[in-house]
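The values are calculated or read from the model by the stated rules, or taken from the named source; none is laboratory data. Just so it is clear, the structure is predicted and the values come from calculations on it, not from any experiment. Cβ placement follows ideal geometry from the backbone for every residue including glycine, while neighbour counts extend to all protein chains displayed.
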Amino acid sequence: MGSNPTFEGVSRQVEAHVIDRPEENIEDFNLYGQQVVVEFVERLRGMVAYRGIDALVAQMNDDVKRSREILAKEPRETA
């Protein structure tokens, strides 16, 4: 949870990125208003202000790669 140092005027929030979502049009994959469970397994990195959207997207791609590696380490219990 934190502020958004790359984009000014954005309030504190928790952001989750869905990986391996069902194959469907992005317009049909709408989670707004839905209840979802977010499980924190390991911290990826601290907050960073990026110099533009390209750098942010590159970091997000790296975060997804690291997330896959972390989640592949060991089976984990689910609720």
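ALA49 fulfils the conditions (1) at pLDDT 75 or above; (2) in a loop (DSSP other than H, G, I, E, B); (3) exposed (fewer than 11 other Cβ atoms within 10 Å of the Cβ) except for a single criterion, (3). The single condition among (1) of a type in the set (A, V, I, L, M); (2) surrounded by fewer than 10 Cβ atoms within 10 Å (Cβ to Cβ); (3) in a helix (DSSP H, G or I) that VAL36 does not satisfy is (3).
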